1. Send over a whole-number figure in Å² for the accessible area per residue of the stretch 62-111, probe 1.4 Å.
2. Could the peptides 56-62, 40-46 be put in order, highest first, of the mean number of other beta-carbon atoms found within 10 Å of their residues?
3. I'd like to know which of Gly63, Ala100, Leu50 lies farthest towards the positive end of the charge dipole of the stretch 39-111, counting +1 on Cβ of Lys and Arg and -1 on Cβ of Asp and Glu.
4. Measure off, as a whole percent, the carbon and sulfur share of the 1.4 Å-probe accessible area of the stretch 34-92, all protein chains present.
5. Treating only the Cβ atoms of Lys and Arg (+1) and Asp and Glu (-1) as charged, compute the dipole magnitude of the stretch 9-101 about its Cα centre; round to the nearest 20 debye.
6. First check a/c for the stretch 34-99, with a ≥ b ≥ c the square roots of the eigenvalues of its C-alpha gyration tensor; if it is under 1.5, answer rounded, and if not, answer prolate when a/b is larger than b/c or oblate otherwise.
Amino acid sequence: NVESVAVHIVSSDRADNIYSAFRRYWTQRKLQSFESVTSNLSAQQRKKLLTQTNNGLPFMMLGLGTGGLRPKKAEKAQRIGLLDVGYRLIDGAEAYENEASLGEILAQEQA
């Protein structure tokens, strides 16, 4: 499934364009995702976990590394990390030979 999004630019500022509209949209989506994962944490814990990149986008300082795991163990870790723990950053790579399982998990969840 592919999500379709319409972005409307409602600004009289000439510097406001599709890129800044997309940045606002993506920032909001990421913040909603991060907030759903960190809703049970204290404000102090959230402050340590969430930061802003140098271009102003939100970033979660916690992720799951899967390098060195065999494919079956990587798939299990990815599934638990994504579905049970709520990770939003999962490092899978062709060099690790486990990126396919991550894609399959994401496809199943979006179905």
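1. In whole numbers, the stretch 62-111 has 67 Å² accessible per residue.
2. In descending order of packing, they fall as 56-62, 40-46.
3. Leu50
4. 52
5. Rounded to the nearest 20 debye, it is 260 debye.
6. Judged from the Cα gyration tensor, the stretch 34-99 comes out oblate (a/c at least 1.5, b/c at or above a/b).
The values are calculated or read from the model by the stated rules, or taken from the named source; none is laboratory data. Because the structure is predicted, anything quoted here is derived from the model rather than measured. Positions of Cβ are backbone-derived with ideal geometry, glycine not excepted, and every protein chain shown enters the neighbour counts. The area values use the complete protein model at the heavy-atom level, side chains included, leaving out ligands, DNA and RNA. Shrake-Rupley method; radii C 1.70, N 1.55, O 1.52, S 1.80 Å.
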